[in-house]
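Report on the following structure.
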Amino acid sequence: MIGALYEEALQGGDVDVEYSDGQVRPLAAGRWLRPIDGDRGLLDRCDGPTLDVGSGPGRLTTELARRGVPVLGIDIAPLAVALTRRAGGAALCRNVFEPLPGTGRWAVALLADGNIGIGGDPGALLLRLRELVRPGGAVIAELAPPGTPTAVDRVRLRHGGRVADWFTWATVCADDIGPLARRSGFPSAEHWTEAGRWFATLT
C-alpha cells in the first residue's frame, strides 16, 4: 500500500503524510517531477559516477545523464523507475540495502529531498553508502535547516479512507550531520545552502 499510494501521488493524487502524533502534511510528490530551485548546486557537485538513492521520478538522474555524468537511479516504486526511464535516465527498482551494481566504485551517492531519512536510521544508511562509494568518494545529502530537531518519526501515507502501513522516517538537522558522518566513516562534512535548502558533502 505504501508503494501504491506513493504512485498515486506521482500521478497527481492528493496523498498526505500522517505522523503518529496526529500531524498530517501533504506529500506533494508532484514537486519532484520538475527542477527545484537549488538543484543546480547539488548537480554541479556530482563530478563522477553517481548513484541517486531514492531517485523518485528521476529529475536529478535524467539531468545528470543529460550532462554526460554516468548515473543510476534507484527507487522502490516501479512507477518512479518507469518515469525515470521514460525521461531518458537509467534506473532500477531496488532498495538501497539490496545488492547493487557498482558497489565500491561510485564517486558520489546522492541523498536529495530528505532521503537521508530512508529507513529511519541515518547511521545505518550512511554506513551502507560508505560501502557503495569508492575510497575518497562522497555522499551529498540534503538536510533539514539548522535549528530543526533531528528525529525519527513513525509515518504513513493516506488518501481519503485508504492508509498504508506505518514506517519510520528520519529527519537530520544540518547542525547534527558532522558527528553522524564521522561515526559512519566520513571524517568531513562540508555544508552549503542554496535557495533556502541545506546540504552537506560527506567525504
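Every number here is computed from the coordinates shown, using simple stated rules; none is lab data. All values derive from a computational prediction rather than experimental measurement. Neighbour counts run over all protein chains shown; Cβ positions are idealised from the backbone, glycine included.
Taking label positions 7 Å along the Cα-Cβ direction at both residue 98 and residue 76, the computed distance is 1.1 nm, reported to one decimal.
Within the stretch 60-76, whose backbone N sits under 16 Å from a point 7 Å along Cα→Cβ of residue 34? 60, by backbone N distance to the label point. Using the Cβ of residue 14 as centre and a radius below 11 Å, the other residues enclosed give a net charge of -1, where K and R count +1 and D and E count -1. Backbone geometry of the stretch 176-185 corresponds, through the Karplus equation with coefficients 6.51, -1.76 and 1.60 at θ = phi - 60°, to 3J(HN,Hα) couplings of 9, 6, x, x, 5, 4, 5, 5, 9, x Hz, x marking Gly and Pro. Compared with the alpha-carbon gap, the fully stretched path from residue 163 to residue 4 is longer by 56.2 nm at 0.36 nm per residue. Taking the charge dipole of the stretch 60-203 about its Cα centre, with +1 at Lys and Arg Cβ atoms and -1 at Asp and Glu Cβ atoms, the residue from 139, 120, 81 reaching farthest to the positive side is 81. Look at where the Cα atoms of the stretch 90-148 and of the stretch 156-203 average out, and the two centres are 10 Å apart. Put simply, the C-alpha atoms of the stretch 74-159 give a gyration tensor, and the ellipsoid matching it has half-axes of 22, 20, 12 Å, longest first. Annotation: the antiparallel percentage among DSSP beta bridges lying fully within the stretch 65-203 is about 65.
Could you work out how much longer the chain between residue 25 and residue 44 gets when fully extended? Use 0.36 nm per residue separation minus the Cα distance between them, nm to one decimal. Don't skip to the end; give the middle numbers.
Numbers: separation 19, 0.36 × 19 = 6.84 nm, distance 3.09 nm.
Using 0.36 nm per residue and subtracting the Cα-Cα distance, I get 3.7 nm.
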